[in-house]
Amino acid sequence: MPKPVLFTVDDDPDVLAAIARDLRARYGKDFRILRADSAQAALDALVELRQRGDPVALLLSDQRMPVTDGVAFLATAKEMFPAAKRVLLTAYADTESAIHAINRSQVDYYLTKPWDPPAEKLYPVLDDLLDDWRASFRPPFDGVRVVSDRWSAASHELRDFLSRHRVSYKFLDIETSDEGRELFAAAGGDPALLPLALLPDGQRLTAATPTAIAGHIGLRTRAELPVYDLAIVGAGPAGLAAAVYGGSEGLNTVLIERQAPGGQAGTSSLIENYLGFPAGLSGSDLTRRAVIQAKKFGVEIIVPQDVSALRIEGPYKHLTLADGNTIACHVLMLSMGVSWNRLPAAGAAQLAGRGIYYGAAIAEAMLCKNETVYLVGAGNSAGQAAMYFVEHAARVVILVRGNSLAAKMSKYLVDRITNTPEITVRLNTEVLECHGTERLEELTLVDRVSQTTERLPASFLFVFLGAAPLTNWLSGVIALDERGFVLTGPDLDRERDLEHWPIERAPFLLEANVPGIFAAGDARHESVKRVASAVGEGSVAVHFMHRYLAEV
């Protein structure tokens, strides 16, 4: 947090310099001393301080100034910084005005000129006022402030990005927050400027995106080197495990992630069946530990950055990034994970990010108070999300297409859900249509057995429907199955997939049909969709990478 401000205003340059000098001599260690030569200049500076979230402890103003006198200035300034102490600097002839201002609470105290010696006539008064201010002062929020419409898809994307990177932020909805409306107006009041991101250092980003804000919150968005021993695409559990083992065993490693480390597991509120954590741990905490561990071993993490193409030239694999830059590597690990399938209901596409969200969307949890939250899905991710959202929402309804919750969900989660009265499970139910203009307002549900429909009010719908691999950019380069998952090792067909296999040995267990390219985690064909399995595959793959590197 920046130092609190002591602000002095006087149109006489000699008096202004003198008071600023005396303030700095006594309080410069703990406060910033700012000054202005007119009330208007001071008000302009205060607007900027308020936008930046900087605290103001004291306002000291001369009374006799042109256009706007000291009492009027302090009254206006009080609206912006109501907790700041306000002192009027007057001549003897103005003491009656000062007393009147005190009685009307526009001023806390007045001082007469001259104030020499300050040790007797200035500091005792200000010391007392500042002690009062400190006693009631609550430090302002010192993170990123996001100003936007609550139902903006761009705002959701930005807030979700900050949440997943564990960046402290405060959301100011322009519909419900006075501060949000004020900051929006100060930025020009144009909706095209939203979301607005106000950074702790005072910088302001308009139409802010995850890519634009990444560098400001300490993320690396570009690789340092043109060539690496190991490049990993995707920082889910498999990619993070490969990074830790690759880095610890001496491979010069770069890890590229398009959103945030952790993948889908990173959004899990509580993973209770991960070995060694009997009380469970959140996906966010697991991710944080893994990222720290990878960095400890020198792994370079690039985020947010997407890969758009892969080109093979001899032993080198060349990755083209979304920003046009390229990275080459000797060994490539594919651990991109999967994305949730889109909800096949009328109106769903138009309302994505505006009431309909894919995955846990933890950033929206705080906005669900007193609401009924609907979840679509029957796997562990949906179950974990239900247990998380029930802590914030009034009620959670799980919509399951099949006739059993236990068919795809772990028993411990089924038991938890069954024993939570605020959670309702509706079997044999699908979302037929999503209604709303600017945001989700209603859902039409259909009972798959009776074919009866029901239209219900709804503001939040979270979707956990199957998953599709993020492998479009690999088509035609390596072998994929009919659904786009990466084929590896014994799953590769000798005649169809290995016709151009260039070496005598067969592909290793987790190796694709191009030597030196490996796959692990959810993007791999027939992988076990569990965190522990992904971690195991990512670490085991490094063993085969060393064997490959010994050959070339």
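The values are calculated or read from the model by the stated rules, or taken from the named source; none is laboratory data. As the structure is a computational prediction, the values presented were derived from the model and not from experiment. Because the Cβ atoms are built from the backbone with ideal geometry, glycine has one as well, and the counts that use them run over all protein chains shown. With ligands, DNA and RNA removed, areas are computed over all heavy atoms of the protein, side chains included. Shrake-Rupley method; radii C 1.70, N 1.55, O 1.52, S 1.80 Å.
Could you list the trypsin sites (Lys or Arg not before Pro) in the stretch 11-49 that lie in coil according to DSSP, counting only those with at most 13 other Cβ atoms within 10 Å of their Cβ? Numbers along the way, then the final one.
Numbers: sites: Arg21, Arg24, Arg26, Lys29, Arg32, Arg35; in loops: Lys29.
Hits after loop and neighbour filter: Lys29.
Based only on the alpha carbon positions, what is the Kirkwood hydrodynamic radius of the stretch 197-320, in angstrom?
Values: mean 1/r = 0.0630 Å⁻¹.
Hydrodynamic radius (Kirkwood, Cα pairs) of the stretch 197-320 is 15.9 Å.
If one puts a single equal scatterer on every Cα of the stretch 315-417 and applies the Debye formula without solvent, what log₁₀ I(q)/I(0) results at q = 0.10, 0.17, 0.22 Å⁻¹?
-0.44, -0.86, -1.20
For His543 and Arg64, calculate 0.36 nm times their separation in residues minus their Cα-Cα distance, and state this gained length in nm to one decimal. Numbers along the way, then the final one.
On the way: separation 479, 0.36 × 479 = 172.44 nm, distance 7.95 nm.
Taking His543 through Arg64 to full extension adds about 164.5 nm, to one decimal.
After finding the eigenvalues of the alpha carbon gyration tensor for the stretch 22-89, what semi-axes result from the square roots of 5 times each, listed largest first in whole Å?
Values: eigenvalues 67, 46, 23 Å².
Those come to 18, 15, 11 Å.
Output wanted: per-residue J couplings in Hz (rounded whole) for the stretch 289-301, from phi through Karplus 6.51 cos²θ - 1.76 cosθ + 1.60, θ = phi - 60°, x for Gly and Pro.
With coefficients 6.51, -1.76 and 1.60, one gets 4, 5, 5, 4, 5, 5, 5, 4, 9, x, 6, 8, 10 Hz.
How much mean residue ellipticity at 222 nm does the chain get from its helices, if each DSSP H run of length 4 or more adds -39500 (n - 2.57) and you divide by all residues, to the nearest 500 deg cm²/dmol? Write out the running numbers ahead of the final one.
On the way: 14 runs with 158 residues, N = 552.
After summing the helix terms and dividing by the residues of the chain, the value is -8500 deg cm²/dmol.
Could you tally up the Lys pairs in the chain with alpha carbons closer than 21 Å? Skip any pair fewer than 8 positions apart unless they're on separate chains.
Going through the chain pair by pair, I get 12.
If amide hydrogens are placed 1.01 Å from N in the peptide plane, which non-local residues have theirs closer than 5 Å to the one on Val425?
The list, which skips near neighbours in sequence, is Ile398.
Hey, what's the Kirkwood Rh for the stretch 423-552 if you take every pair of different alpha carbons, in angstrom?
Values: mean 1/r = 0.0550 Å⁻¹.
Final number for the Kirkwood radius of the stretch 423-552 is 18.2 Å.
Can you tell me the FRET efficiency between Asp14 and Arg181 if r is taken as the Cβ-Cβ distance and R0 is 41 Å, rounded to the nearest 0.05?
Working: r = 41 Å, r/R0 = 1.00.
Rounded to the nearest 0.05, the efficiency is 0.50.
With contacts defined as alpha carbon pairs under 8 Å and 6 or more residues apart, what's the relative contact order of the stretch 55-125 in percent? The partial results should precede the final answer.
Numbers: 94 pairs, mean separation 20.6, N = 71.
This gives 29 percent for the stretch 55-125.
Using the C-alpha atoms of the chain, what convex hull volume per residue, in cubic angstrom, is computed? Let's see the in-between values first.
Working: hull volume 107.4 nm³, N = 552.
Spelled out: Cα convex hull of the chain, divided by residues, is 195 Å³.
Report the accessible area of Glu551, computed with a 1.4 Å probe over the heavy atoms of all protein chains in place, in Å² rounded to the nearest 10.
For Glu551, solvent-accessible area is about 90 Å².
Can you list the residues, at least 5 places off or on another chain, whose amide H is less than 5 Å from the amide H of Leu89, using H built in the peptide plane?
Ser61, Asp62, Gln63, Leu111
What is the extension gain from Asp127 to Tyr316, computed as 0.36 nm multiplied by their sequence separation minus the C-alpha to C-alpha distance, in nm to one decimal?
Working: separation 189, 0.36 × 189 = 68.04 nm, distance 6.87 nm.
Result: 61.2 nm gained on full extension.
Which of the trypsin sites (Lys or Arg not before Pro) found in the stretch 97-142 are loop residues per DSSP with 11 or fewer other Cβ atoms within 10 Å of their Cβ?
Working: sites: Arg104, Lys121, Arg134; in loops: Arg104.
Passing sites in the stretch 97-142 are Arg104.
If we restrict to alpha carbons, what Rg and Dmax does the stretch 69-197 come to, in Å?
That works out to 20.8, 61 Å for Rg and Dmax.
Given a 1.4 Å probe and the protein chains all in place, what does the accessible area of Glu438 round to, in Å² to the nearest 10?
130 Å²
Quick check: pseudo-label points 7 Å beyond the Cα along Cα→Cβ at Ala75 and Glu526, how many nm apart are they?
Between Ala75 and Glu526, the simple spin-label model gives 8.2 nm.
How much of the accessible area of the stretch 161-295, probe 1.4 Å, is carbon plus sulfur, in whole percent?
For the stretch 161-295, the apolar C and S fraction of the accessible surface comes to 51 percent.
State, to one decimal in nm, how far the label point of Thr221 lies from the label point of Asp201, with both points 7 Å from Cα in the Cβ direction.
That separation, rounded to one decimal, is 1.3 nm.
By how many degrees, between 0 and 90 and to the nearest 10, does the Cα long axis of helix 123-136 differ from the longest principal axis of the chain?
Its long axis makes an angle of about 30 degrees.
How much length would be gained if the chain were fully extended between Ala394 and Arg134, taking 0.36 nm per residue of separation minus their Cα-Cα distance, in nm to one decimal?
Working: separation 260, 0.36 × 260 = 93.60 nm, distance 3.86 nm.
Residue separation times 0.36 nm, minus the Cα-Cα distance, leaves 89.7 nm.
Report relative contact order for the chain in percent, whole number only (criteria: Cα-Cα under 8 Å, sequence separation at least 6). Don't jump to the answer; show the numbers that get you there.
Values: 1127 pairs, mean separation 57.6, N = 552.
Reported as a whole number, the value is 10 percent.
At q = 0.16, 0.19, 0.22 Å⁻¹, what base-10 log of I(q)/I(0) does the Debye formula yield for the stretch 1-139 when every alpha carbon is treated as an equal point scatterer in vacuo?
At q = 0.16, 0.19, 0.22 Å⁻¹ the computed log10 ratios are -0.76, -1.13, -1.62.
Using a Förster radius of 60 Å, what is the FRET efficiency between Ala279 and Arg104 based on their Cβ-Cβ separation? Nearest 0.05, please. Mind showing how you got there, number by number?
Working: r = 58 Å, r/R0 = 0.97.
So the FRET efficiency works out to roughly 0.55.
If you take the Cα Rg of the stretch 189-264 and divide it by 2.2 N^0.38 Å, with N the number of residues, what do you get?
Numbers: Rg = 16.4 Å, N = 76, 2.2 N^0.38 = 11.4 Å.
Expressed relative to 2.2 N^0.38 Å, the Cα Rg reads 1.43.
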